[in-house]
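Remarks on the structure that follows.
The values are calculated or read from the model by the stated rules, or taken from the named source; none is laboratory data. Bear in mind that the values here come from a model prediction, so they are computed numbers and not experimental data. Cβ sites come from the backbone with ideal geometry, for glycine too, and all protein chains shown count toward neighbours. The area values use the complete protein model at the heavy-atom level, side chains included, leaving out ligands, DNA and RNA. Shrake-Rupley method; radii C 1.70, N 1.55, O 1.52, S 1.80 Å.
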Amino acid sequence: MDNESSRSFHQAAHHDVGPPAKMEVPATRPSVWLLRKTFLVLDMRRRIPMKTLVWVLALGAVMIFLDACGGSEHRAEAQGSVAEESPTVAAAKVVLRNLSRDVVLTAEFIPFQEVDVLAKVSGYVKEIRVDVGDHVQQGETLATVEIPEMQDDMVRAQATIDQAEADVNGTRDEIRRSEAAHEIAHLSHQRLAEVIKERPGLIAQQEIDDAHSRDLVAEAQLASANSRLAAAMHKVSVTRAEFAHVKTMLAYTRVTTPFAGVITKRYANTGSMIQAGTASQTQAMPLVRLSENSLLRLILPVPESVVSLVRVGQGLTVRVPTMNRTFPGKVARFSGRVQLSTRTMDTEVDVPNPGFTLVPGMYAEVTLTTESRSHALTVPITAVVLGTGTETTGTVMTIASDGRLE
């Protein structure tokens, strides 16, 4: 505007409004302030020249345009901040894996078989050859029991056999004599009988009857001798059986191992008096305790929910936490009955232990695989939304080629 118009504007402002004040334009919306001032100027339009009024309106339009451009930039920045605050989620690729459903059970190693070795006969321990920790083979001598009276029993049994055999020999001689006497008596009777047939009345009937009687007596004596021989031979068999019994009992004085294993406990020492193993277990004292540790057992309490999935020969992994090692094993047998108190079924797992690395009494964790899938499509479990109610399937969100979720 020209100088005259400017002076007129300022004079009108100073005359109506008062002394000039410092005009502060808000930093956020300067156009609002300009519009208010424009309305004030319009209110004073009767005193302002038209040319000045046009310049004021033009200046207000320019300020409004600039404010609108600045507002667009502010809105763009606000939208960018909102976009930056959008949630970010993790994504994972679908991969092929071997999946399995496992049940981890805890059990204690026990020997495959373990017995307390007792002596069959009573006596004193003459010698004991093993101690705790010794590895023995099947049939190896563990100890020797001394029974002095057993030798006397052997001598008595042998003498009884000799006497019985002598009786057999004497009876056989008697049989031979009886056979000879019977043969003579029989021939005499036959000859007299033939004479009577050829020449009746030559020999008295009494003489013939006596010969026949002697024949029958000799035959009876022969039969009696045969019976005595049979009895003597039976006695020989009995005495020999008694001798074999004594000999067998004498062999029991040598205590041997029933199977290969490890001596885990020793009860007796040299000179200890031990009772026969057939006596009451409260009185009989074992010699040693023998354990077969080359093969160990694990008795697992399998829950009722997976009992139907257990199979004989099923392979599994045995982990020993104290050793931080795993060993192979397999299901060898199971009871086939669920215990009412625990609702579990005893299942035995055989674990080979050829190097005696494992020791009975150790705890082990057994991973029993009840179900498995090979080369299955897998995603993290956190990415699966499980169904609710009657729905049993789950859903997952996938990323499309354009980056959108489906």
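Below, the figures for the structure above:
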item: Relative contact order of segment 254-406, pairs being alpha-carbon contacts under 8 Å that are 6 or more residues apart, as %; result: 19
item: Cleavage-rule hits, trypsin sites (Lys or Arg not before Pro), segment 282-374, DSSP coil, Cβ neighbours within 10 Å at most 15; result: 311, 337, 343
item: Rounded percent of accessible protein surface that carbon and sulfur make up, segment 260-353, 1.4 Å probe; result: 52
item: Å² of accessible area per residue within segment 209-271, as computed with a 1.4 Å probe and no ligands counted; result: 57
item: Measure of compaction for segment 291-406 (Cα Rg per 2.2 N^0.38 Å); result: 1.54
item: Cα pair count fraction exceeding 19 Å, expressed as % - segment 141-217; result: 63
item: Accessible surface, per residue, of segment 276-389 when the full set of protein chains is kept, probe 1.4 Å, Å²; result: 57
item: Over 28 Å between alpha carbons, listed pairs 93/330; 126/247; 126/235; result: 93/330; 126/235
item: Under the Karplus curve 6.51 cos²θ - 1.76 cosθ + 1.60, θ = phi - 60°, whole-Hz ³J(HN,Hα) for segment 117-129, x wherever Gly or Pro sits; result: 7, 10, 7, 6, 10, 7, x, 9, 6, 7, 7, 10, 9
item: Cα coordinate range in segment 177-321, projected on the principal axes (Å, largest first); result: 117, 52, 25
item: Segment 282-383: chymotrypsin sites (Phe, Trp or Tyr not before Pro) in DSSP loop, at most 13 other beta carbons within 10 Å; result: 356
item: Rg followed by Dmax, in Å, when segment 95-138 is reduced to its Cα trace; result: 22.8, 74
item: Residue 114-residue 231 pseudo-label distance in nm [points 7 Å out on the Cα-to-Cβ vector]; result: 5.9
item: Normalised per residue, the volume of the convex hull around the Cα set of segment 309-351 (Å³); result: 85
item: Kirkwood-type radius of segment 155-199, with distances r between different C-alpha atoms, in Å; result: 13.3
